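The values are calculated or read from the model by the stated rules, or taken from the named source; none is laboratory data. Predicted, not measured: the structure shown is a model, and the values here were computed from it. When we count neighbours, we look across all protein chains shown, and the Cβ atoms used for this are built from the backbone with ideal geometry, even at glycine. All accessible areas refer to the heavy atoms of the entire protein, side chains included, with ligands and DNA or RNA removed. Shrake-Rupley method; radii C 1.70, N 1.55, O 1.52, S 1.80 Å.
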Amino acid sequence: MLAAATVLLASCGGGGGRPTFGDNEFPVVTVGTSSTQMESTYPATIKGVQDVQISPKVQGFITQINVKEGQSVGAGQVLFVIDNVTYQSQVRQSQASVNTAQAACNTAKLSYENAQKLFESKVIGDFELQSATNSYESAKAALALAQAGLASAKEMLSFCYVKSPAAGVVGTLPYKKGALVNTASVLTTVSNNSSMEVYFSLTEKDALNMTQASLGEMPSVQLKLADGTIYGHEGKVTKMSGVIDAATGSVQIIALFPNPDRVLKSGGSGSIIIPRSNSDAIVIPQNCVSEVQNKKFVYILGKDNKVKYTEIQVDPQNDGNNYIVTEGLKVGDKYVTNGITKLTDGMEIIPITPEKYQQKIDDQAKAMSAGDIVGAMKK
C-alpha cells in the first residue's frame, strides 16, 4: 500500500501536478552539462556499387535468353542473343571481298617486283615503273578497305551477342524470346551487389557540421531496413556531393555497406542512422517541459525566487525521456523539475532539492490512510 501511495504521489509530482505539501516548495535543479549519445535518422535509397543497364547495339529479334532474374553473372558472360543471320551474311560477303582484294594485291605485287627488275635492266623506263608502283599501292589500299569492312561486319555480328560488362546480379527481364528490340530497349540491369551504396541527404547545416572532419574520421553509420530491423553490418560514409541542391537545400551523401550475404537489394529503401556525441550537452527531463502550440517552455528560477516562463529550443532528435536544449538555457540557470502545472509566470516559490522533494513525497505517502489512497486512485 505504501509503495502504491509513493508511485501515485510521484506521478502527481511530474508534469501533471504535485503533492499537497501545504507550502510553496518546488524542486529546483541547476543546469550543467553532460555527455550524451544521440542518433540522427535520414531516409535512404539503396543502390549497387555498379548498376549497369543492358541494351543491345543492334535491332533484331531475341533468339536466346541465357540468364534468369536474380542470377549471378560474370563480366563478359553472354546474356542475350539477337537474330544474327543478316550479320553473318555480311561477314561472309566482307570475307569474300577481302579474298578478292588480297588476290588483286598479290598480282599487283608481282607486277611491281617484275617492273623493278626490268627497270634495273633498263628494259623499261620511269613511267612504266611508276605505273606498276601505283597499281600496287592501289591494290594494298583496296585490301585495307576490304579488311576494315570485314572487321566492321564482325563487330556488328558480335553485337548480336549481348554480354554483361561487369559481374553482378541480373535484374528483371522485361522482354521474352522472340521480342523485337532496338538500341533504346533496356533488356535488364546488372547490379554489382558485393557492396552497396546507400544514398541519403543532409541539410546544409548538418552537412557543414559533418565536413568539419574528413570523411575518413566520420563515425560508422547503421542502416535500418524497410521492416524496421537494423542491418547486421555497419557502413562508412565515402562520398559527399560538392553541390547543394538549390530546390531542397540539401547535400547528397553516400555510405558504403558490405553485402556478403546479398541481403541488400538495389532499389531498396531504408533509413541511415548517424550517431552524434556531445560532451557539453544541456540535457533536461521531458516531464519538466510544457508544450504550447509546438513551442516548449520551462520555469527558470530567478534570484528573487520568482519563476519565469521561458521558451527553449531543443534538438529534434531525442530518446523519449530527455531533451537536449540548444537555446534558452545556459549553464548555471536553475529550473523547476516537478509540479510545473501549478506554477504561473512570476510566481514566488521556495526552492528545494529533488532529494528533499522525494523525501516529502515518501513522508506524505506514509501519512495517507488506505481510504485516502483508494480515493486518490479512483480520481
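Charge dipole (Cα centre; +1 on Lys/Arg Cβ, -1 on Asp/Glu Cβ; no other charges) of the chain amounts to roughly 900 debye. Among the trypsin sites (Lys or Arg not before Pro) in segment 234-295, those placed in a DSSP loop whose Cβ has at most 13 other Cβ atoms within 10 Å are 262.
Against the chain, whose longest principal axis is taken from its Cα atoms, helix 354-367 shows a tilt of about 50°. Ordered by solvent-accessible area of protein heavy atoms (1.4 Å probe), largest first, the residues 344, 133 come out as 344, 133.
Restricting the calculation to Cα atoms, segment 304-345 yields a radius of gyration followed by a Dmax of 11.8, 34 Å. Students often get this wrong, so check it: of 47/177; 205/334; 57/154; 47/265; 57/163, which have C-alpha atoms separated by over 19 Å? Over 19 Å Cα-Cα: 47/177; 205/334.
Using a probe of 1.4 angstrom and keeping all protein chains present, the accessible surface of segment 64-141 works out to 64 square angstrom per residue. Counting only alpha carbon atoms, the long axis of helix 85-120 and the longest principal axis of the chain meet at about 50°. On a 0 to 90° scale, report how tilted helix 2-12 is relative to the longest principal axis of the chain, with both axes built from alpha carbons and the result rounded to the nearest 10. Its long axis makes an angle of about 70 degrees.
When the chain is treated as a Gaussian network with alpha carbon springs shorter than 10 Å, the biggest mean-square fluctuation among 235, 332, 60 belongs to 332.
Projected onto planes of every orientation and averaged, the convex hull of the alpha-carbon atoms in segment 134-216 covers 12.9 nm². Averaging 1/r over each pair of different alpha-carbon atoms in segment 226-289 and inverting the result gives 15.5 Å, the Kirkwood hydrodynamic radius. For residue 188, the residues 5 or more places off, or on other chains, whose built amide H falls under 5 Å of its own are 54. Between the entries [x] 35.0; [y] 26.0; [z] 17.8, the label attached to mean projected area of the Cα convex hull in nm² calculated for this structure is [x]. When the charge dipole of the chain is built from unit charges on Cβ atoms (+1 for Lys and Arg, -1 for Asp and Glu) and taken about the Cα centre, the candidate among 172, 314, 123 whose Cα reaches farthest toward its positive end is 123. In this structure the amide hydrogen of residue 352, modeled in the peptide plane, comes within under 5 Å of the amide hydrogens of 26, 28, none closer than 5 places in sequence on its chain.
Measuring only protein heavy atoms, the 1.4 Å probe finds residue 273 accessible over about 10 Å². Converting phi to 3J(HN,Hα) with the Karplus coefficients 6.51, -1.76 and 1.60 and the offset θ = phi - 60°, segment 295-312 yields 10, 10, 9, 10, 9, 9, 8, x, 5, 8, 6, 9, 8, 10, 6, 10, 7, 10 Hz in sequence order, with x at every glycine or proline.
When shorter helices are ignored and each DSSP H run of at least 4 residues is given -39500 (n - 2.57), the per-residue value for the chain at 222 nm works out to -10000 deg cm²/dmol.
3J(HN,Hα) along segment 135-150: 4, 5, 5, 5, 5, 5, 5, 5, 5, 4, 5, 5, 5, 5, x, 5 Hz, from the Karplus curve 6.51 cos²θ - 1.76 cosθ + 1.60 with θ = phi - 60°, whole Hz, x for Gly and Pro. Given a 1.4 Å probe and the protein chains as shown, residue 26 ends up with an accessible area of around 0 Å². With the Kirkwood sum run over all distinct C-alpha pairs, segment 187-329 has a hydrodynamic radius of 18.4 Å. Between the amide H of residue 250 and those of 245, distances stay under 5 Å, these residues lying 5 or more places away or on another chain, with hydrogens modeled in the peptide plane.
Each residue of segment 38-50 was assigned a 3J(HN,Hα) from its phi angle through the Karplus expression (A = 6.51, B = -1.76, C = 1.60, θ = phi - 60°), giving 10, 10, 10, 10, 9, x, 9, 10, 9, 9, x, 4, 9 Hz with x at Gly and Pro.
The label point for residue 355 and the one for residue 85, both projected 7 Å from the Cα toward the Cβ, are 9.7 nm apart. Taking 37 °C and 0.692 mPa s as conditions, segment 95-147 diffuses translationally at an estimated 291 µm²/s according to Stokes-Einstein applied to its Kirkwood radius (Cα pairs).
A simple spin-label model places pseudo-atoms 7 Å from Cα toward Cβ; at residue 317 and residue 53 they are separated by 3.5 nm.
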